[in-house]
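Read through the structure below, which is laid out as structure tokens, and then see the notes.
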Amino acid sequence: MHQSLRLTALGVSLATLLAACAEAPSPPPQASAKVDLPPLIDVKDFFKNPESAGYQLSPHGEYLAYLAPWNNRLNVWVKPVAGGEPVRITKDETRDIRSFTWTTDDRIVYSQDLSGDENFKLFSIKRDGTGIINLTPWDKVRADVVDVPRKDPRHILIEHNHRDAKVFDVFRVDVETGKSTLLIRNPGDVSGYVTDHQGVIRIETVTDGVNAKILYRPDAKSKFKTVITTNFRESVNPQLFSFDDKNLIATSNIGRDKQALVELDPATGKELRVIYENPEVDIDGAISSEARHKLTGAVYETDKQHYVFFDPTREALQHDLEAKLPGVNVSVAGTDLDEKVWLVKTWGDRTRGDYYFYDGTTRKLDHLASVTPWIDPKQMAEMTPVTYQARDGLTIHGYLTVPTGVETRNLPLIVNPHGGPWVRDSWGFDPEVQFLANRGYAVLQVNYRGSTGYGRKFWEASFGQWGRSMQDDLTDGANDMVKRGIADPKRLGIYGGSYGGYATLAGVAFTPDLYAAAVDYVGVANLLTFMSTMPPYWEQGRKMLYEMVGNPEDPAQKAKLEAESPINSADKIKTPLLVAQGLHDPRVNKNESDQMVKALRARGVDVPYMVKDNEGHGFHNEENRFDFYRAMEQFFGQHLGGRVAPGQDVLATLKN
């Protein structure tokens, strides 16, 4: 069973959130005695492709597939579990392959776009690298896998927008031949599909942008009928069907502030029972055993990720893994159809982690690979959860990372707002944060109002607040770090991408005296032009975006959006600014960055501007990442005084 997902609103899922936790402010981290600073680590060590990652087991557990570099690009490799040399089965030299999935024991399907345009094609290939088939061979078409049916993995379900760029139809595709059969023609308002355990689409999610519906059918021959209707502020997010395919397991905030894990009667939409809820945060999703036909647990996140188990077998597995791998977070990354062998992934705030192979019969654990073995966790910085009160009394959660080897006092500090904005920062290894900490900066990551996981009220507090209270949360966080004595008020910087790039521009435009340096990465400068250049497959979410950000078709709201657009306050910007942009960005059009750079340069302001011709929304080719972070390092070093590694002066090549 699988639910299809498509990304909206600055490239993130528009998940519903809930009320803020009323916690007391976290105490400031204790100042540490000065010790030797860690060595200056090469920028490439933070941002080059992993040695290997994304491990997946073949259906019967005999082969491992994973991503690893070849000619500086991530490609798919396969090797036998029993031993033997790995075989590279793809040969992409232009762009990293970012995702793949096993179908049969002999076939893998992977996705690839061109130069960051996010029009992903799907390819089927044999595990030995032969027999490649382009399943979606059209240009300017985006395709995704909906489901790989457990009982018929040769015939997978995919969706694409070849017929109409705004919507996605569903097809059954033979991965051996490429033959495609239309299953569902999207009438224009379907945003997602959910299959049962037989691979039959039984649920459609429908939206007009503001109101949402869940449609249900009992079998493939029946027509869909509406069973649940909500506005976008309430949500029911299907997770899986019960294993008799009668009821639906979902997360829901209908009638409550936090997303709870519930069981529904899909024929009526009636909630039958609450399986699990947490008083502080949303439930993120369910854990299940396909082999044993059991719902085994749920996942939620406070300051860190947590599990709750409903099944003693799954709980025992977790305890055994954690006992064998102390001191790190442990998750199950995959298993075979019979759940006899398992892939295990570890991670932490100072390590990108390792992969292990676990034999459930012998309970033997074998190490497979380290994601980035060149990173020494002892040289990385600790990520500490923090809270503070915003100016209106709302409790804001975040994370503070302080350089190792220095006292936690009077440090240069980078405020690092996440993108989205309707996602959240989480505890774990962040190469950007560790890179900045290695250069001597404290880094504050803020889950400002609107960040997901904290409840519906917290989410709704962000509506209509771009550049306003959402921005105040960042400002208040920076000032709180100053008040605690952690940050030097004269050496505050801000850096973010996507919405975080907007927040960076808003920070220097609306609080021009706060920051001493800023880096904008694929950020929105003008809310009106941003909304006029959204990709066609975002059209279903346009009305919701208007509700959550502002409606440019309403004169009063248009004026408000103009006031919230940093481009219209460019004359107030006096903070040194570095801008980076991908030429083919489908989400935040290059014109967003062009407008800001042009406006500042017209005033005689020197704005270093990096544009990569083979990138989109963010830089995915590692050589482009190296250039960007070298420029950032040199820029912040010049204006905030952090450490700078010797090497090419990338910044000098970006002048007017």
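The values are calculated or read from the model by the stated rules, or taken from the named source; none is laboratory data. Computed from a predicted structure; not experimentally measured. Here the Cβ is made from the backbone with ideal geometry for all residues, glycine too, and neighbour counts use every protein chain on show. For accessibility, only protein heavy atoms count, side chains too; no ligands or nucleic acids. Shrake-Rupley method; radii C 1.70, N 1.55, O 1.52, S 1.80 Å.
Once the gyration tensor of the Cα atoms in segment 330-428 is diagonalised, the equivalent ellipsoid follows with semi-axes of 36, 19, 10 Å, ordered largest first. Bridging of LYS574 to lysines at a Cα separation below 25 Å is possible for LYS483, LYS490, LYS560, LYS590, LYS598, LYS655, once same-chain residues fewer than 8 apart are set aside. Across segment 414-486 the C-alpha pair distances fall into 5 Å bins from zero in the proportions 3, 15, 24, 23, 18, 12, 4, 1 percent.
Before anything else, pin down the relative contact order of segment 98-208: Cα pairs under 8 Å, at least 6 apart, normalised by residue count, whole percent. Kindly include the intermediate steps, with their values, before the conclusion.
Numbers: 238 pairs, mean separation 18.4, N = 111.
17 percent.
Between 0 and 90 degrees, the angle of helix 590-602 with respect to the longest Cα principal axis of the chain falls at about 0 degrees. Per residue, the average separation of C-alpha pairs within less than 8 Å and at least 6 apart gives the chain a relative contact order of 14 percent. Dividing the convex hull volume of the alpha carbon atoms of segment 490-547 by its residue count gives 81 Å³ per residue.
Converting phi to 3J(HN,Hα) with the Karplus coefficients 6.51, -1.76 and 1.60 and the offset θ = phi - 60°, segment 436-448 yields 5, 5, 5, 7, x, 9, 6, 10, 10, 9, 10, 8, 4 Hz in sequence order, with x at every glycine or proline. The gain in end-to-end length when the LYS364 to HIS306 segment is fully stretched comes to 18.4 nm, 0.36 nm per residue minus the alpha carbon separation.
In units of the compact-protein estimate 2.2 N^0.38 Å, segment 340-385 shows a Cα radius of gyration of 1.39.
Legend: translational diffusion of segment 431-589 by Stokes-Einstein, Rh = Kirkwood radius over C-alpha pairs, 37 °C, 0.692 mPa s; D = 198 µm²/s.
Between GLU176 and ASN72, the modelled label-to-label distance comes to 4.1 nm, taking each label 7 Å out from Cα in the direction of the beta carbon. When the Cα positions of ASN186, VAL175, HIS197 are compared along the charge dipole of segment 144-201, VAL175 comes out farthest toward the positive end, with charges on each C-beta of Lys, Arg, Asp and Glu. Taking amide H positions as modeled 1.01 Å from N, with prolines and chain starts lacking one, the residues under 5 Å from ALA369 and 5 or more places away or on another chain are TYR355. Three principal axis extents describe the C-alpha atoms of segment 375-507; from largest down they are 41, 29, 24 Å.
Judged by the ratio a/c of the largest to the smallest principal axis of the C-alpha gyration tensor, segment 561-656 counts as oblate, that ratio being 1.5 or greater while a/b is no larger than b/c. For a straight C-alpha distance cut-off of 19 angstrom, the lysines reachable from LYS44 (same-chain residues fewer than eight places away being disregarded) are LYS378, LYS612. Report note on the peptides 76-86, 103-113, 520-530: ranked by the mean count of other C-beta atoms within 10 Å, highest first, their order is 520-530, 103-113, 76-86. Across segment 292-359, the mean sequence separation of Cα contacts (distance under 8 Å, 6 or more residues apart), normalised by length, yields a relative contact order of 18 percent. Working from Cα positions, state the angle (0 to 90°, nearest 10) between the long axis of helix 622-640 and the longest principal axis of the chain. So the inclination is approximately 30 degrees.
If you take the charge dipole of the chain about its Cα centre, with +1 on Lys and Arg Cβ and -1 on Asp and Glu Cβ, which of MET531, PRO266, LEU368 is farthest toward its positive end? Result: MET531. Heavy atoms of the protein chains alone define the surface here; on that basis segment 48-94 has 46 Å² accessible area per residue at 1.4 Å probe size.
Per atom type, the chain shows carbon and sulfur on 49% of its accessible surface, probed at 1.4 Å. Extension gain for the segment GLU51 to GLU315, taken as residue separation times 0.36 nm less the Cα-Cα distance, is 91.9 nm to one decimal. To two decimal places, what compactness ratio does segment 285-363 give when its Cα radius of gyration is scaled by 2.2 N^0.38 Å? My calculation over the Cα atoms of segment 285-363 gives 1.08.
For segment 30-173, the fraction of C-alpha pairs farther apart than 24 angstrom is 41 percent.
Each residue of segment 378-394 was assigned a 3J(HN,Hα) from its phi angle through the Karplus expression (A = 6.51, B = -1.76, C = 1.60, θ = phi - 60°), giving 5, 8, 8, 9, 7, 9, 10, x, 9, 9, 7, 9, 6, 4, 9, x, 6 Hz with x at Gly and Pro. So, counting K/R as plus one and D/E as minus one, what does the shell of residues with Cβ under 13 Å around VAL328 add up to? So the environment of VAL328 carries a net charge of +2. The convex hull drawn around the Cα atoms of the chain, when projected onto a plane and averaged over every direction, covers 27.5 nm². Taking the centroid of alpha carbons for each part, segment 182-256 and segment 446-491 are 35 Å apart. Be a star and scan segment 233-265 for residues whose amide nitrogen sits under 20 Å from the point 7 Å along the Cα-to-Cβ vector of VAL299. Within reach of a label on VAL299, which here means backbone N under 20 Å from a point 7 Å along Cα→Cβ, segment 233-265 contributes 236-243, 249-253, 258-263.
If you plug the beta carbon distance of LYS270 and GLU407 into 1/(1 + (r/R0)^6) with R0 = 41 Å, you get a FRET efficiency near 0.10. Working value for segment 415-456: equivalent-ellipsoid semi-axes of 23, 9, 8 Å, each the square root of 5 times a Cα gyration tensor eigenvalue, largest first.
Taking the DSSP bridge list for segment 505-624 and keeping only pairs wholly inside it, about 10 percent are antiparallel.
Normalised per residue, the accessible area of segment 224-271 is 38 Å², obtained with a 1.4 Å probe and no contribution from ligands, DNA or RNA.
For PHE120, the residues whose modelled amide H falls within less than 5 Å of its own, excluding neighbours fewer than 5 places apart on the same chain, are ALA143. With each label modelled as a point 7 angstrom along the Cα→C-beta vector, the THR653-SER426 pair spans 3.5 nm.
The string of couplings for segment 209-218 from the Karplus curve (6.51, -1.76, 1.60, θ = phi - 60°) is x, 10, 9, 10, 9, 10, 10, 10, 9, x Hz, one whole number per residue in order, with x for Gly and Pro.
With a/c under 1.5 counting as rounded, go ahead and sort segment 519-615 into rounded, prolate or oblate using the C-alpha gyration tensor (a ≥ b ≥ c being the square roots of the eigenvalues; past the cut-off, prolate if a/b is larger than b/c, else oblate). Oblate is the answer for segment 519-615, as a/c is 1.5 or above yet b/c matches or exceeds a/b.
Return the tail of the calculated pair distribution for segment 293-337, meaning the percent of Cα-Cα pairs more than 14 Å apart. Tail of the P(r) past 14 Å holds 57 percent of the pairs.
Relative to the longest principal axis of the Cα atoms of the chain, the long axis of helix 555-564 lies at roughly 60 degrees. Measuring r between the beta carbons of ASP92 and ARG185 and using R0 = 56 Å, the FRET efficiency lands at 0.95. Summing Lys and Arg as +1 and Asp and Glu as -1 over all other residues whose Cβ lies under 15 Å from the Cβ of VAL274 gives a net charge of -2. Averaged over its residues, segment 393-512 has an accessible area of 22 Å² per residue, based on protein heavy atoms and a 1.4 Å probe.
If you take the alpha carbon atoms of segment 270-405 and fit the smallest convex hull around them, that volume is 147 Å³ per residue.
Counting every pair of alpha carbons in segment 202-246, the share spaced more than 14 Å apart comes to 52 percent. Listed by chain and number, the lysines whose C-alpha is less than 27 Å from the C-alpha of LYS79, apart from same-chain residues fewer than 8 away, are LYS48, LYS91, LYS121, LYS126, LYS151, LYS324, LYS340, LYS345, LYS364.
How would segment 201-309 be classified by its alpha-carbon gyration tensor: rounded, prolate or oblate, with rounded meaning a/c under 1.5 and the a/b versus b/c comparison settling the rest?
Because a/c hits 1.5 or more and a/b fails to exceed b/c, segment 201-309 counts as oblate.
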